[in-house]
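**Q** The structure under discussion is supplied below as C-alpha cells; questions concerning it will follow.
The values are calculated or read from the model by the stated rules, or taken from the named source; none is laboratory data. Please read these numbers as outputs of a predicted model, since none were measured by experiment. Every residue, glycine as well, gets a Cβ built from its backbone with ideal geometry; the counts of neighbours run over all protein chains shown.
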Amino acid sequence: MPETGEVVVMSILLIIAGLVFIFGTGRKIYQYYSTPAPLKIPTTPAPTSRIGVVWRLTKEVLVFQSLFKAAKVTWLLSWLFHAGLLVVLLYHLQFFTDPVWSWIWLLVPVVKYASFAMVTGLTGLLVLRVVVDRVRVISAPSDYLMLVLLLSIAASGLLMRYFWYPDIVLLKQFIAGVLSLQFQSFPGGFTLFVHLLLVAVLMIIFPFSKLLHAPGLFFSPSRNQVDDSRERNLDPRAIESRSTKDVSTGAGHE
C-alpha cells in the first residue's frame, strides 16, 4: 500500500493530468474550429446537404464506415476496442456520482464482456502493427507505445476485477477527495496505484497525441463538408471588397 507521501503525489498528479486533459483538449478543439478550410475537399461520394453530412458523421462515429470499407480486420478490432471502451467509461461514472445513477447498474451484466473486448481489440491492433508489413511500415514508435499504454490500463483493470479487488467505498472517497482538493486515504493495492498512474499518463499525453482523432473527426474537411463545389459560393469578405472597389471606382469617374 502506498505511503502517505505517495498518496499526495498521486492526488496531485491526477489533478494536473485532469487539467492538462481538459484545457489541452479544449485548446486543440478551438484550433480545429478556428482553422479556415477554404477549399472543398470532401471525400467522395460526399453528401450534398447538411443533413447528409450529419448522417455521414453519425455512421463514422457509430460504425467506422470508412475504415470498414478500407480494412475489415482492422475495422473489427478497432470497433471492439472502442465499443468496449465506451461501456467501461460509462460504468466508471459510478465512482464520480453519489448516489450512483440508476442506469449505470444496467451495464453491470455486460461490463466484463466489454473489458475483454477492449483487451482483444487492443491486442489485435498491436499484433497487426507488428505482423502486417504494410501496417508496420506506416507505424511510428508512438503508435506502439499508445497501444501498449491502453492495453496496460485495460489489463490492470481486469486484474482488479478478478484478482485484486479494491475497496469501492474507499476508492470513491479518494476520488471525491481529489476532485474537492481534500485528499483522502488511498484504498490500497499496488495494482490500483499502477492503474491510476497509467490513466494519469494517458490524460497528460492525450492532447498531444494521435488520440485526438476522436474530436478531430468532426472538424475534418474531408468528412464535414457538403459537396456543393459546383455551385457558385462567394466569400462574404470578397463580396464586401468588390462592393468597396466598385464604389471607389464610381467616385473616381465622377
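**Q** So, in region 180-219, of the ones that are small (Gly, Ala, Ser) and touching a residue at least 24 places away in the same chain (Cβ under 8 Å), which residue ends up surrounded by the fewest Cβ atoms within 10 Å (Cβ to Cβ)?
**A** Applying the filter and picking the extreme gives Ser185.
**Q** Can you find a residue that is surrounded by 16 or more Cβ atoms within 10 Å (Cβ to Cβ), modelled with pLDDT of 90 or more and β-branched (Val, Ile, Thr) anywhere in region 137-152?
**A** No, that holds for no residue.
**Q** Considering region 161-179 alone, what residues qualify as being surrounded by 17 or more Cβ atoms within 10 Å (Cβ to Cβ) and among the hydrophobic types (A, V, I, L, M, F, W, C)?
**A** Leu171, Phe174, Ile175, Val178
**Q** Gly84 versus (1) touching a helix residue (DSSP H, G or I) at 6+ places or on another chain (Cβ under 6 Å); (2) in a loop (DSSP other than H, G, I, E, B): which is the lone unmet condition?
**A** (2)
**Q** Now a separate question. Under 15 Å from the mean Cα position of the chain (by Cα), within 30 Å of Leu181 (Cβ to Cβ) and buried (at least 17 other Cβ atoms within 10 Å of the Cβ): is that true of Gly18 in this structure? Reasoning before the result, please.
**A** Working: under 15 Å from the mean Cα position of the chain (by Cα): yes; within 30 Å of Leu181 (Cβ to Cβ): yes; buried (at least 17 other Cβ atoms within 10 Å of the Cβ): no.
No, not satisfied.
**Q** Condition first: surrounded by 11 or more Cβ atoms within 10 Å (Cβ to Cβ) and within 30 Å of Val226 (Cα to Cα). Can you find one or more residues in region 115-126 that meet it? Let's see the steps before the verdict.
**A** Step one: of region 115-126, the residues surrounded by 11 or more Cβ atoms within 10 Å (Cβ to Cβ) are 115-126.
Filter again for within 30 Å of Val226 (Cα to Cα), leaving none.
Checking region 115-126: not a single residue is surrounded by 11 or more Cβ atoms within 10 Å (Cβ to Cβ) and within 30 Å of Val226 (Cα to Cα).
**Q** Have a look at Gln65, Gln94 and point out the one that is surrounded by 13 or more Cβ atoms within 10 Å (Cβ to Cβ), farther than 30 Å from Asp227 by Cβ and of a type in the set (S, T, N, Q). I'd like the intermediate steps shown before the answer.
**A** Numbers: Gln65 fails: farther than 30 Å from Asp227 by Cβ.
Among Gln65, Gln94, only Gln94 is surrounded by 13 or more Cβ atoms within 10 Å (Cβ to Cβ), farther than 30 Å from Asp227 by Cβ and of a type in the set (S, T, N, Q).
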